[in-house]
Amino acid sequence: MARTLLEHLRAQDDATLGALLRARPDLALPAPADTGVVATRAGVRTSVGRACEDLDALHLAVVDALLVAEADQAPVDPADVLDLLGADVAREVGRAALGRLRTLALVWDADRDDGSAGLRAVPALRDTARRHPAGLGRPAPDGSVLREKDPAAVMAGLPDDERAVVDALDREGPVGRSRARDGDAGNPVSRLLEAGVLRRVDDETVELTREAGLGLRGERPLGPVVATDPMPAPAAHDPATVDATAAGEALETVRRAEGVIAAWSAAPPAVLRSGGLGVRDLRKLAKVLDVDETAAGLLVETLAAASLVAVSEDADAVWCPTTTADRWLAAPPETQWVALARAWLEMPRQASSIGQRDSMDKLVGPLSDEVRRPWAAQVRRRVLARLAEFDDGDGPASVDDLVTSLAWRAPRRGGRMRDELVRATVREATALGVVALDAITTAGRELLRVPRRPDDDPDASAAAALRPAMPEPVGHVLLQADLTAVAPGRLEPELAAAMDRVADVESAGGATVYRISEGSLRRALDLGWTAAEVHALFAERSATPVPQGLTYLVDDVARRHGRLRGGSAASFLRSEDEALLAEVMALPAAGAMELRRLAPTVVVSSAPLAELMDALRAAGLSPVAEDADGGVLDLRPRGRRTAPRRPDRAGANGSPSLSEDQVSALVAQLRAGDRAATASRGAATVPGSTRQTASATVAVLADAARTGRTVWIGYVDAAGTASQRVVRPLRVGGGLLEGTDAAVGSEDTGPGSAVSFALHRITSVSVLTET
């Protein structure tokens, strides 16, 4: 068996090398020239640490066992490693875990000094592990009683005061503080030091020896080891119930997002000097949406990630909707939701940090740089991917069970905030409708899915999955005697648009309450509606009788509406009622509007028409604007818009995954590099310097093409990666070397794969010696 990792990797087949590159893609970036480069990278501390981040608690326990057995220093007996796992881990489970570590090239099979089979671990494994693997200290010094007797018997025979010391060190960590002096028979620490149960680190520090710790633990040398995912039995729900519950939250999310766009179109909040949104503006928005500040913060972060709101480009920067928002508003609700859910899933920001204190003890505000967390998207995917492992409709019995499961699967990921981030992700996913009843929805599964082919669109599939779960839109409202209308669900788009014109939303939720007032009716008439059309809307779309008071209100507003007509002169007013125009001319605002009476029925103004209409309405009149043809003119402000920004998406956290074609190409390159490295030892170098001139290189290659000789070349690709290849040249010209990939002695196997190299990138060439 191989003594080094390089020898081990070179002895593996293509499938094993491919599995290694898939499991540790950072080894392939940049593309390695040969297996020696892979072996070197596989032993680098950074790469080993990255590989260990994805190991679960069982595999990390195996790593501890390897380090306790000192497999990083010399090959050890695999049985000794399995014995250290203790009674909690079945033998076959331990062997499978060792197999996984072999796949990751963290360990390999190596002969021991006596010729028996052994295991060797990469030395960097100790550098990336915790300071005291398995909570055990260094080996006992020579002369220790633990070297001569059974450690378990020695520990069992300790007096109570000494046993209390070693138990505390084993429980809290092998290192403790003590100023006990050597030879002090009355001090239990001194006696333990003299017996070699403890080691002195310095004048004030002692350490429990490894043998003592193992003797204390008995059948569990590494302590309790949880060999399987601790997730208990799942909580089962009807998948249709989960999807329907989430669909309600999805619709509510879309409605609130529309509310943010409407509010910020009319009155965009200012951008803080430090960037982000002010706390007062967030509170104001939360009040408008009737949600708490946490929900409002999540919503605006999601809208910004979806490029539906952004900072304007003018001098007085504000947060306002982008032009993308108009297309989003016109889309079906399921498409709107997918855009928001995708943005939340991929945004590198942690909305749950809003309102917390930063390192300077300042409040973290929404849309600020302090909310940015590059790893946030990876946390969301880990949480949702774990939920997606359950059957449809099923989920963990509690969020705490999910937290425990994810902590077991990757103890080294997430840091001290790991558990809270998992809980925050579940809360946010539930608020957005990706998760319901702690179970992921059908649409949520589609969002996580990796496309199988170019025309496969997970977003379209997610929208299609959400559509049937949404409640059917209703085509009626319930008119009340207090001049309100209740929408008992999501209204049909046409009816919803009509209600927005004739009424104002008083409260929203599962049932939306609209308030019908003189102002809302006048708004509808300003848009060109007639009293008859308003009456028809209420009569045809109300499931309850139309209140008489509402009928009178519509007629009264319509009777007074439009008696005064306005146009542009800059603007003008006209009316058949001369007395009404005289009343207008007598208004206090007449001077500010610069009104002039041109005829008994016509008055003109230098003020813009919109300002003139507002001033007259403020005076209690009900004018209506008209265009050149006498039709009703809509003067409502269109709302503030800015150019969309490129969505802020999380980059690849760690190394990107490799496709099967990429893995195959890399393995082929490794084999070619290994052949070149072997062949170079038998190459006949061209006379002169080892780095030939361009003309000498071309001459050698041309001669090899004529004689059918095989050459060894040094090559630097466009990315600057140096490699060596063994090539049988076929043609040299046009700035290219064309030939076949060849191995030493491969003449009997026929030509290899066709290859070509740019001549100016060939750094050296040697003709292989015939064997």
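The values are calculated or read from the model by the stated rules, or taken from the named source; none is laboratory data. Values in this document were obtained by computation on a predicted structure and should not be read as measured data. We place every Cβ from the backbone using ideal geometry, glycine too, and count neighbours over all the protein chains shown.
See the values below:
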quantity	calculated
Count of residues meeting criterion [more than 20 Å from A97 (Cα to Cα) and in a helix (DSSP H, G or I)] in segment 26-55	12
Candidates P623, P687, P637, P656 - the one that is at pLDDT 85 or above and not aliphatic (A, V, I, L, M)	P623
Filtered residue count, segment 716-756, keeping only those that are surrounded by 20 or more Cβ atoms within 10 Å (Cβ to Cβ), modelled with pLDDT of 85 or more and out of contact with any helix residue (DSSP H, G or I) (no Cβ under 6 Å at 6 or more places or on another chain)	3
Leading residue by the ranking (nearest to I440 (Cα to Cα)) among those in segment 475-495 that are surrounded by fewer than 16 Cβ atoms within 10 Å (Cβ to Cβ) and in contact with a Leu (Cβ under 9 Å, 6 or more places away or on another chain)	P488
Residues (basic (K, R) and either more than 23 Å from R177 (Cβ to Cβ) or touching a Lys or Arg at 6+ places or on another chain (Cβ under 7 Å) (or both)) located in segment 191-216	R199, R210
Count - residues of segment 314-323 that are in contact with a strand residue (DSSP E or B) (Cβ under 9 Å, 6 or more places away or on another chain) and either farther than 14 Å from L272 by Cα or loosely packed, with under 13 Cβ neighbours inside 10 Å (or both)	5
Residue in segment 121-141 that is farther than 30 Å from G49 by Cα, touching a Lys or Arg at 6+ places or on another chain (Cβ under 8 Å), in contact (Cβ under 8 Å) with a residue 60 or more places away in the chain and assigned to a helix (DSSP H, G or I) present	no
Helices (runs of 4 or more DSSP H) lying entirely in segment 151-270 (those with 3 or more residues that are exposed (fewer than 14 other Cβ atoms within 10 Å of the Cβ) and of a type outside the set (K, R))	160-172
Residues located in segment 78-110, provided they are assigned to a loop (DSSP other than H, G, I, E, B) and either in contact with a Ser or Thr (Cβ under 7 Å, 6 or more places away or on another chain) or among the β-branched types (V, I, T) (or both)	V89
Scan of segment 308-323 for residues that are within 27 Å of the chain's Cα centre (by Cα) and either assigned to a strand (DSSP E or B) or at pLDDT 95 or above (or both), ordered by number	L308, V309, A310, V311, W319, C320, P321, T322
From the options L67, L58, residue that is under 23 Å from G135 (Cα atoms), touching a Phe, Trp or Tyr at 6+ places or on another chain (Cβ under 9 Å), part of a helix (DSSP H, G or I) and not aromatic (F, W, Y)	L58
Residue that is farther than 30 Å from L9 by Cα and in contact with a helix residue (DSSP H, G or I) (Cβ under 9 Å, 6 or more places away or on another chain), where the choices are L146, L125, L106	L146
Pairs, first in the same structural domain as S753 (by TED's automatic domain parsing) and touching a residue at least 60 places away in the same chain (Cβ under 8 Å) in segment 703-732, second among the aromatic types (F, W, Y) and assigned to a strand (DSSP E or B), C-beta under 8 Å, six or more apart	A722/Y715; S723/Y715; Q724/W712; Q724/Y715
V62, sole failed condition from (1) in contact with a Pro (Cβ under 6 Å, 6 or more places away or on another chain); (2) within 14 Å of L98 (Cα to Cα); (3) surrounded by 20 or more Cβ atoms within 10 Å (Cβ to Cβ); (4) hydrophobic (A, V, I, L, M, F, W, C)	(1)
Lone unmet requirement of (1) part of a helix (DSSP H, G or I); (2) surrounded by fewer than 16 Cβ atoms within 10 Å (Cβ to Cβ) for G115	(1)
Pick from segment 72-95, criterion more than 11 Å from P133 (Cβ to Cβ) and touching a strand residue (DSSP E or B) at 6+ places or on another chain (Cβ under 8 Å), ranking: surrounded by the most Cβ atoms within 10 Å (Cβ to Cβ)	V81
Residue ID - farthest from P600 (Cα to Cα), chosen from residues in segment 540-582 that are assigned to a strand (DSSP E or B) and basic (K, R)	R565
Selection count, segment 284-294, where residues are surrounded by fewer than 22 Cβ atoms within 10 Å (Cβ to Cβ), in contact with a helix residue (DSSP H, G or I) (Cβ under 6 Å, 6 or more places away or on another chain) and not acidic (D, E)	3
Leading residue by the ranking (surrounded by the most Cβ atoms within 10 Å (Cβ to Cβ)) among those in segment 496-521 that are more than 40 Å from the chain's Cα centre (by Cα) and in a loop (DSSP other than H, G, I, E, B)	I516
Given (1) of a type in the set (A, V, I, L, M); (2) out of contact with any helix residue (DSSP H, G or I) (no Cβ under 6 Å at 6 or more places or on another chain); (3) farther than 30 Å from Q480 by Cβ, index of the condition A543 fails	(3)
Candidates A236, A286 - the one that is under 29 Å from the mean Cα position of the chain (by Cα) and touching a residue at least 40 places away in the same chain (Cβ under 8 Å)	A236
In segment 551-560, the residues that are surrounded by fewer than 20 Cβ atoms within 10 Å (Cβ to Cβ) and either among the small types (G, A, S) or touching a residue at least 40 places away in the same chain (Cβ under 8 Å) (or both)	L553, R560
Number of positions in segment 583-609 that are in a loop (DSSP other than H, G, I, E, B), surrounded by 15 or more Cβ atoms within 10 Å (Cβ to Cβ) and without any contact (Cβ under 8 Å) to a residue 24 or more places away in the chain	1
Count - residues of segment 523-543 that are crowded, with 17+ Cβ neighbours inside 10 Å and farther than 17 Å from V477 by Cα	6
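A quick yes/no check of all residues on (1) out of contact with any helix residue (DSSP H, G or I) (no Cβ under 8 Å at 6 or more places or on another chain); (2) at pLDDT below 90; (3) over 14 Å from L104 (Cβ atoms):
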{"position": "T4", "(1), (2), (3)": "no, yes, yes"}
{"position": "L17", "(1), (2), (3)": "no, no, no"}
{"position": "L21", "(1), (2), (3)": "no, no, no"}
{"position": "P25", "(1), (2), (3)": "yes, no, no"}
{"position": "P30", "(1), (2), (3)": "yes, yes, yes"}
{"position": "A39", "(1), (2), (3)": "no, no, no"}
{"position": "A42", "(1), (2), (3)": "no, no, no"}
{"position": "C52", "(1), (2), (3)": "no, no, no"}
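Yes/no matrix, rows are residues, columns are (1) part of a loop (DSSP other than H, G, I, E, B); (2) surrounded by 17 or more Cβ atoms within 10 Å (Cβ to Cβ); (3) aliphatic (A, V, I, L, M):
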{"site": "R445", "(1), (2), (3)": "no, yes, no"}
{"site": "V450", "(1), (2), (3)": "yes, no, yes"}
{"site": "R453", "(1), (2), (3)": "yes, no, no"}
{"site": "D456", "(1), (2), (3)": "yes, no, no"}
{"site": "A460", "(1), (2), (3)": "no, no, yes"}
{"site": "A464", "(1), (2), (3)": "no, no, yes"}
{"site": "P471", "(1), (2), (3)": "yes, no, no"}
